[in-house]
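Engineer: The structure follows.
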Amino acid sequence: MAVLMRHKSNIYGLVNDLTKLTNDIATEVTRASTVEGSLSSLSTTDKTNLVTAINEVLSLLQAQASSLADDLAAESARAIAAEGVLTTNLSTEVSDRIAGDIAIDSRLDVIEAGLVAGVFWKASFDTIEDLENAIDGIEGTVEAGWAYYVKSDNDGYVVVPETDGDYQPASWTTKSLIKFADYTEVSGLVSTERARALAAEGQLNIDLSSEITRATNAETALQNSISAEVTRATTAESVLDGKIATEKSRAEAAEVVLQGNIDTEKTRAEDAEATLTADLSAEVTRATAAEGVLDGKIATEKSRAEAAEALKLAIASNLSDLANIATARTNIDVYSKAETNEGIRLGGAIFVTETVSVSSDKIVLTNEPKNGIVFNFATVRHVDANFVSYDIPVSVTATAGGKEFLLSADASGQFDGKSVIVQYAYVPVA
């Protein structure tokens, strides 16, 4: 039985089914694109692949959950450490206060014993006035180290052989008394310190109790927050897993479609590239032929230009390549150097100002002065660093063709190595 071949346009219902399927696909693409939105609108780092973007969000949530757990653990460790420090500080403060109280008692015992052993008690008086009246006028018989007690002030005084004590009787001139013990003040200091230590210890106990309560409440709140965050994160991760699975299926289907589109585009591009390759080969052939024609024209133009340039003067030769210099001067109506010098020689001289160096009280000029005369009354001028000018007489010698002159300085070699300015006129040599 022969194979039956029939065009698809003749198969009943196939065209309509394919048309409906195409429309349904277009509708679904539009719906999915609207619901999913544009990948470029994602706030993630990767905006080209939805799976990668979702994985990026999942990694961020996991990192935040890990960071939050680390922060709660760090806070718990800090609170425990702080409570330990407070306990240690309280214990240290109690020990320090007890030791301080013992030290104060010991010092008081030492002071009392020293006063009895090291000071010679003479008398007691009701007031400081009674004391002054008793020792007034007897400075010479009162010895250093004698001590007196004043009942009204509860103070002790001792005689010293200086005049800058706490007070000096009116008739005394070489001695004075110093107050070495204020028993009321000492007793008050001990009582005050004891009261302060007890109050501080009580406050520390209160503070410690408050801190323990605060830390316990904070730890409970943190633990509750951790539990709530774990529950929320677990739920969110479950939802994300579902979305990821759905997106994976959708993306895989989309990738199949994209691969088909890519294969179609590859075929189209390869056909276009083949056409472009043929066109490029034709253009290379045409351009090569055109360049050959241009090379011939360039060679012709080069030969013409070189021939024309051979007939022109070269700038670097500075007119030395003229065929006839004399004819050229005649054409442009100018004199030569020799003609100019001869005219000057016959009719006058050239005036020049020249700077030369002095050596052995002599100078040598570039030209021979006319009639051997140097201007400015036969003097040359030297100007030093301070702008002070020296006019030095000179006279011509018989050597150096009339160009050598002697300086009449105040001392031999005074201007040797220095520069001088000379003004003179000379006649150019023909």
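Engineer: Subtracting the Cα-Cα distance from 0.36 nm times the residue separation, let me have the gained length for A349 to E255 in nm, one decimal. Don't skip to the answer; put the middle values down first.
Structural biologist: Details: separation 94, 0.36 × 94 = 33.84 nm, distance 10.47 nm.
The span from A349 to E255 would gain 23.4 nm if fully extended.
Engineer: Going toward the positive end of the dipole of segment 186-295, with +1 on Lys and Arg Cβ and -1 on Asp and Glu Cβ, which of A289, V230, L240 do you reach last?
Structural biologist: V230
Engineer: Go through 402-413, 84-95 and give me the packing order, highest mean Cβ count within 10 Å leading. Display every interim value, and only then the final one.
Structural biologist: Values: 402-413: 14.7, 84-95: 12.4.
Result, highest mean Cβ count within 10 Å first: 402-413, 84-95.
Engineer: Highest mean first, how do 296-307, 226-237, 415-426, 158-169 rank when packing is the count of other Cβ atoms within 10 Å averaged over residues?
Structural biologist: On the way: 296-307: 9.7, 226-237: 12.6, 415-426: 16.9, 158-169: 15.1.
With the highest mean Cβ count within 10 Å placed first, the list reads 415-426, 158-169, 226-237, 296-307.
Engineer: Excluding residues fewer than 8 places away in the same chain, name every one of the lysines whose C-alpha is closer than 26 Å to that of K302.
Structural biologist: K312
Engineer: Next up: A81 to D126: extension gain in nm, 0.36 nm per residue of separation minus the Cα-Cα distance?
Structural biologist: Details: separation 45, 0.36 × 45 = 16.20 nm, distance 6.02 nm.
Taking 0.36 nm per residue and subtracting the Cα distance, the gain is 10.2 nm.
Engineer: Please give the FRET efficiency for K266 paired with T234, using the beta carbon to beta carbon distance and R0 = 60 Å, rounded to the nearest 0.05. Mind showing how you got there, number by number?
Structural biologist: Numbers: r = 46 Å, r/R0 = 0.77.
Efficiency computed from Cβ-Cβ geometry: 0.85.
Since every read-out is calculated from the coordinates, none of them should be taken as a lab result. None of these values were measured; they are calculated from a predicted model. All Cβ positions, glycine included, derive from the backbone under ideal geometry; neighbour counts span all protein chains shown.
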